[in-house]
Ligand code: HEC
Ligand code: HEC
């Protein structure tokens with residue numbers, strides 16, 4: 001009797017232990033929170049990381065895998081990295097990048113350099129954070145043209161993705177995980193190790209005389225470049241009309257505010273890695289940096305809401321070429337060859 005009870009007791013006890021162990025494994029114990037060591041360059045503030053998506057090695061690793069995953073597009077031909085290529089500063093060299101089935105959108109792919117710092121996303125600023133931004137290319141018929149739910153179901157069949165998802169977020173891969181993991185990876189794309197940064201850090205031999213002349217002009221009141229392209233990130237995050245057209249086909253910020261005073265206003269783009277991201281402007285209509293500088297030198301075209309800072313500039317040919325030389329010092333070779341970002 002006692003023996004029998006004893007056996008029953010032992011059996012039940014071991015069941016309780018192993019059952020509860022199994023439950024723990026499926027819910028919490030697979031979550032690993034290895035802090036990601038985000039290296040902040042001199043002169044940069046740390047970016048704001050949302051509390052509900054702390055940066056961990058596991059999340060960034062999953063985000064990287066997804067960033068390079070072609071299952072994102074309905075025709076299986078494109079990943080995020082098709083339009084945001086590391087060697088091109090996480091932009092590409094097409095005026096307008098073809099999306100799924102080769103369909104064209106209407107804007108130039110921007111660089112993702114230091115995208116963790118943007119206070120709003122997309123050129124009219126309509127998206128508040130990187131987690132939500134992931135929905136934009138998925139939904140767009142001219143980009144991935146794929147439902148996030150369909151994508152999640154497909155990815156759930158992939159054991160590697162599911163295991164990584166459990167480690168990163170303690171759950172199987174789903175829309176919650178996909179949007180957060182991609183955002184986590186994108187926040188690691190920090191670029192602050194260009195020749196210009198080395199110069200600022202005290203290595204004054206890094207910049208040639210022409211580059212230094214260009215730098216002085218860039219930061220001068222004569223050109224006002226740095227009023228808009230301000231600070232370590234070369235943007236003040238404002239929206240401006242620079243007189244690119246007399247009539248804008250793309251209404252820019254007016255698209256979300258419905259205010260004609262916002263016509264043709266676009267987010268001031270960062271200039272980091274600008275040498276690698278030609279062609280330029282929201283529609284990729286300007287081919288070279290020389291032509292961009294020529295645009296600003298001319299003072300642009302007339303437009304009722306053209307920014308008052310955009311005025312004809314008294315720059316010689318030499319000044320203009322020095323400005324271009326300076327812009328090219330913002331290229332960060334370490335960033336575009338960093339194996340941590342590659343597939
Ligand atoms: C077909 C090309 C294409 C693909 C694929 C693509 N993008 Fe983009 N991306 C763009 C274009 C074009 C814009 C600018 C859109 C706008 O401003 O309206 C953009 C804008 C962005 C921005 C906003 C940057 C800023 O400074 O405002 C982020 C972030 C981004 N993409 C991330 C991604 C991620 C993550 C993926 C994959 C889930 C992805 N993109 C897939 C072309 C693409
Ligand atoms: C009034 C604010 C303002 C001033 C001043 C200004 N810019 Fe810009 N710049 C912008 C905006 C806004 C855009 C994007 C316009 C668009 O896409 O239609 C831009 C675009 C650019 C681009 C192309 C970026 C890309 O990724 O396509 C470069 C390069 C550039 N500016 C350099 C300069 C230089 C050099 C000067 C000084 C000679 C200057 N800017 C002055 C606001 C400004």
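Readers should treat all values here as calculations from the given coordinates under stated rules, not as data from a laboratory. Fair warning: this is a prediction, and the values are worked out from it, not measured in the lab. Quick reminder, even Gly has a Cβ in these numbers, built from the backbone with ideal geometry, and neighbours come from all protein chains shown.
A few notes on this one:
- Of 148, 261, 327, the one that fluctuates the most in a GNM where the chain has Cα springs shorter than 10 Å: 261
- Burial ranking of peptide ranges 302-311, 104-113 (average Cβ count within 10 Å, highest at the top): 104-113, 302-311
- Inter-site label distance for residue 216 and residue 77 at 7 Å from Cα along Cβ, in nm: 5.1 nm
- When region 68-209 is reduced to its Cα atoms, the Kirkwood hydrodynamic radius in Å: 16.7 Å
- With viscosity 0.692 mPa s and temperature 37 °C, the Kirkwood radius over alpha carbon pairs of the chain converts through Stokes-Einstein to a diffusion coefficient of 147 µm²/s.
- If the segment from residue 48 to residue 258 were pulled out straight at 0.36 nm per residue, it would be longer than the present Cα-Cα gap by 72.6 nm.
- Look at the Cα gyration tensor of region 28-130: its axes a ≥ b ≥ c give a/c of at least 1.5 with a/b at or below b/c, and that counts as oblate.
- MRE, 222 nm, helices only [DSSP H, n ≥ 4, -39500 (n - 2.57), over the chain, to nearest 500]: -10500 deg cm²/dmol
- GNM top mover of 201, 263, 142 - the chain, alpha-carbon springs below 10 Å: 201
- Relative contact order, percent, region 51-190 [alpha-carbon distance under 8 Å, six or more residues apart]: 32 percent
- Cα centroid separation, region 53-103 to region 257-314 (Å): 26 Å
- Residue 204-residue 159 pseudo-label distance in nm [points 7 Å out on the Cα-to-Cβ vector]: 6.2 nm
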